[in-house]
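Report on the following structure.
The values are calculated or read from the model by the stated rules, or taken from the named source; none is laboratory data. All values derive from a computational prediction rather than experimental measurement. All Cβ positions, even for glycine, are placed from backbone atoms using ideal geometry, and neighbour counts span all protein chains on display. The protein model used for the area step is the full one, side chains on, heavy atoms only, and it has no ligands, DNA or RNA in it. Shrake-Rupley method; radii C 1.70, N 1.55, O 1.52, S 1.80 Å.
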Amino acid sequence: MKTTLKKKLTAAILAGCSTFILSGVALANPPQPPPPPPTELAQRPTPPPKPFVHNEEVQNYCTQFESDYSWMYRSTREDAARDFVSVDKALERNTISTNQATKLKKEIISFYKDRQKYEDKVRKLDRRDAREYRQENREHFSLRANIADISESTTIPVDTLKRILFKPNPKAPKDRDDLSERLAKFTNQLVVEGKITQQEVDILDEYMQSGRDKLANMTKEERREYLADYRQLTDEQRLAKISEGTGISPERLQQIFTAFKEAVKDKLQTKIQD
């Protein structure tokens, strides 16, 4: 009975806190290397890794952008291409009009052009200055932060824009609203205790949401390749990647993830004792 209760509590709390502690758990408990292959397999040459392939619609837009927008980085082309495909699907479903779709695509290109200018600036700064710069100019790095302005320019309601550009994770639990509420209470307590600031909570939440949105827009094959590449990163590379996307130093990120893990363990232990 106690074992079953422990498993249920563990699943519920970890699901509610996954937004912030996923990376921390991965960093603190990296996957163990697989056992050595049998001798006959070890002697075979290792096949070359499969190239990362986008679905046809995204790839077509990437090719078009490479020709039309020479200023775009590869990552920018990929992000914009996925957004364009989402707009096309919304148009096919008659969620938006042709005129709204055209305006929305213009707004998307305008956002990424502006974001890339700020990314160019970040690349010239040292780590500390880059972190402060990102925090001070968050609206230029996040499409989500510009939804209200885009809504006004395109006449597309904010809720509709969110459904088009920020797709929910299909594997998310049905009671996500309840989990989000519990997560908010959990993080608020850590803020009160001084273990994390509200600004750090907001930045990490936005970063993780952006990651979920990106995964949701990928094909099954793209998602598998992306996650496989991520699992091959070292602890330091994972921290550096999150630091680059949030502007929070790797050292501070490690402190935050440790605080979350300890808080979850304490909560689990309290629930089990009760």
Margin query: Which pairs turn up if I take residues in segment 138-150 that are over 15 Å from LYS103 (Cα atoms) and look for partners that are not in a helix (DSSP H, G or I) with beta carbon separation below 7 Å, at least 6 apart in sequence or on another chain?
Written below: ARG144/PHE166
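Within segment 94-114, is there a residue that is in a loop (DSSP other than H, G, I, E, B), surrounded by fewer than 16 Cβ atoms within 10 Å (Cβ to Cβ) and not small (Gly, Ala, Ser)?
yes
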Notebook entry, point to check: Which of (1) in contact with a helix residue (DSSP H, G or I) (Cβ under 6 Å, 6 or more places away or on another chain); (2) free of Cβ contacts under 8 Å to residues at least 60 places away in the same chain is the odd one out, the single condition ILE96 does not satisfy?
Noted result: (2)
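Assess whether ASP114 counts as being without any contact (Cβ under 8 Å) to a residue 12 or more places away in the chain, among the acidic types (Asp, Glu) and within 21 Å of GLY211 (Cα to Cα). Spell out how you get there, then give the answer.
Details: without any contact (Cβ under 8 Å) to a residue 12 or more places away in the chain: no; among the acidic types (Asp, Glu): yes; within 21 Å of GLY211 (Cα to Cα): yes.
Judged against the criteria, ASP114 is not a match.
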Next item on the list: All but one of (1) out of contact with any Lys or Arg (no Cβ under 6 Å at 6 or more places or on another chain); (2) open to solvent by less than 60 Å² (accessible area, probe 1.4 Å) hold for LEU215, so report the exception by its number.
Entry: (1)
